[in-house]
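Quick note: the coordinates plus some simple rules give every number you see, no bench work behind them. None of the values given here were measured: they were computed from a predicted structure. For neighbour counting, all protein chains shown are included, and Cβ atoms are generated from backbone atoms with ideal geometry for every residue, glycine included.
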Amino acid sequence: MDLSLIPKKIEMDEFPLEIAPLYPRGALPYKNGVNDHTSAPYSGMTSKGKRLSCNLSRAYSAFIFYIPMLKPRFLGLLCLVGTLSIGCSDSSDAGQGAVGAPAAPIPSVEVIQARLGSLPLEERMSGVVHAKNQVVLYAEISAPIIKIEVQNGDFVRAGEPLVYLRDKQYQDQINQAEAALQISQADAKRTAATLSEVKNRLDRIQQLADRQLESQQQLEALQAQYAGADAANDQALARISQAEANLEEQREMLRRTVIRAPISGYIGQRNAEVGMRADPGSPLFVLGEFDNVRVKISITDRMMNRIVVGQTAVITVENDQEHYISAKVSRISPFLEAGSFSAEAEIDIDNTDRLLRPGMFVTVDVLWGEAEQAVLVPESVLYENPTSGVLGVYVAPSLSSETPLKEPDEYDVANPPQLTEPTPMEFRAVEVLARGHGIAGVAGVGLGDWVVAVGQNLIRPVEGKASARARPITWERIASLQNMQDQDLLRDFMAKQQKIAAQESK
């Protein structure tokens, strides 16, 4: 990441709600020497009415508001930004020590109301998309390429020519085979004539021998001569069959100099150029039908008793969580591979909208059952206590009883709901009963409880007590945040800070 993209100075009153500002110690608004959170909340003004500015430290403090949304691999970047922190101060009183020790800042968090429902039990796997009848085309003979009829992306029908190979050698072999056939046919005619002549002589001698006019010795000699002529004729006829087979073989070799499409489909991964030598071991094209595709997944031995043919499979494309495809498990191999102890399963999908492309990696959720009714919360509310290591959630109990909070019908980023007054926050350990599609069924949270979905890491208990200002958000809002990738969050954050820097430079 280019750290020069981070503005050197960030105006505190320019922060959007999603990146809640954190006041540094000694820089909170005061009124008559008292920490006043209501006179100018999040205004970015000191008690002297001067704008509070912040350097990289403030960018870091603001950005860590999104830590629960980020994947572990992104935390290293936060550490890098943290090491570049310099600190915050009043722009006119830099270097002046704070008078007195103000109370710790009260953070702002976003909360969501727990619901009751059931989660489908599912197994999540990675799959690879294959075109229907996807085949790799090879040359069947070794010869130079003299002409190519198609390009990547072309649609071809079965039988259409794709590549022409040099065929002079095979034409010459056909000419030789035809000549050999003619010789064999001529030889067969000669042997047939000889056989006919010997047979006529044998018939005459046989008649004379029957009348005692020819010796038996002469008859036997002609019989032997006839047998030899018959064998020679059979041999000549066999040579004709051999020559015909050789000629057909040479014609087949000539036909192989034209590589044709075995099926109708789209051409891809072209690896053929005019002049190169095509060999039987070198792939030239990949050909497949896109209207119907097949997703292949690997099922481990643990899943074999759960996943069966006909179960629903939800396919989502990586980096495109908004679109998903529902299909059925089409077939499962009954054999486990020796090395991976997994079996291959296939899911046939109608792909007329061309959402999937062969070679894509997709996420496949196979729904194999349904959990019992439980309290549901977004997965992002789950928080591992850094002190105890216990998995739990932060709950705002007063928002359900003392000062009831209403869940908004929709969330407008430009005009979000108002923050509440500081309200107590309570950490509760939970047991995760089931997970799926960014939602978790938990035990330990009551129906209707308001739980912190964004900003848990900002809550700092003091003597076992913690409080924060809460802003209600919708389930749709938290779902969109959970679906965002690390790069999306960073891109949005940097874009907003660059906009602030551009406005400041005017």
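Structure notes:
- Working note: Debye formula, equal point scatterers on the alpha-carbon atoms of the stretch 235-318, no solvent; log10 I(q)/I(0) at q = 0.12, 0.17, 0.20 Å⁻¹ is -0.72, -0.94, -1.06.
- Student exercise, the stretch 320-398 dipole from Lys, Arg, Asp, Glu Cβ charges, in Debye to nearest 20: 60
- Packing-based exposure ordering (other Cβ within 10 Å, fewest first) of T423, T194, T300: T300, T194, T423
- Least to most buried among T352, T257 (fewest other Cβ within 10 Å first): T352, T257
- Relative contact order %, the stretch 250-304, counting alpha carbon pairs below 8 Å whose residues are six or more apart: 33
- Cut-off under 5 Å, modelled amide H: who pairs with E122 long-range: W368
- Each residue of the stretch 200-213 is assigned a 3J(HN,Hα), and the resulting list reads 4, 5, 5, 4, 5, 5, 5, 5, 5, 5, 5, 8, 6, 9 Hz, derived from the Karplus form 6.51 cos²θ - 1.76 cosθ + 1.60 (θ = phi - 60°), x at Gly and Pro.
- Across the stretch 350-499, Cα pairs under 8 Å and at least six residues apart give a relative contact order of 28 percent.
- Burial ordering of Y164, Y266, fewest other beta-carbon atoms within 10 Å first: Y164, Y266
- For the stretch 107-201: relative contact order, % (alpha-carbon pairs under 8 angstrom, 6 or more apart): 19
- Restricting the stretch 224-322 to trypsin sites (Lys or Arg not before Pro) that sit in a DSSP loop and have at most 11 other Cβ atoms within 10 Å of their own Cβ leaves R302.
- Summary of the geometry: the stretch 186-255 and the stretch 269-305, compared by the centres of their Cα atoms, lie 57 Å apart.
- Taking 15 Å as the cut-off, the amide N atoms of the stretch 120-147 that come nearer than this to a point 7 Å along the Cα-to-beta-carbon line of N271 belong to 135-140.
- Applying 0.36 nm per residue to the separation of E248 and Y138 and subtracting their alpha-carbon distance, the gain on full extension is 37.4 nm.
- In this structure, the amide hydrogen of S264, modeled 1.01 Å from its nitrogen in the peptide plane, lies closer than 5 angstrom to those of A158, counting only residues at least 5 positions away or on a different chain.
- Label-point gap, in nm, between R331 and E426 - each point 7 angstrom along Cα→Cβ: 5.7
- Restricting the chymotrypsin sites (Phe, Trp or Tyr not before Pro) of the stretch 330-386 to loop positions (DSSP other than H, G, I, E, B) with no more than 11 neighbouring Cβ atoms within 10 Å leaves F335.
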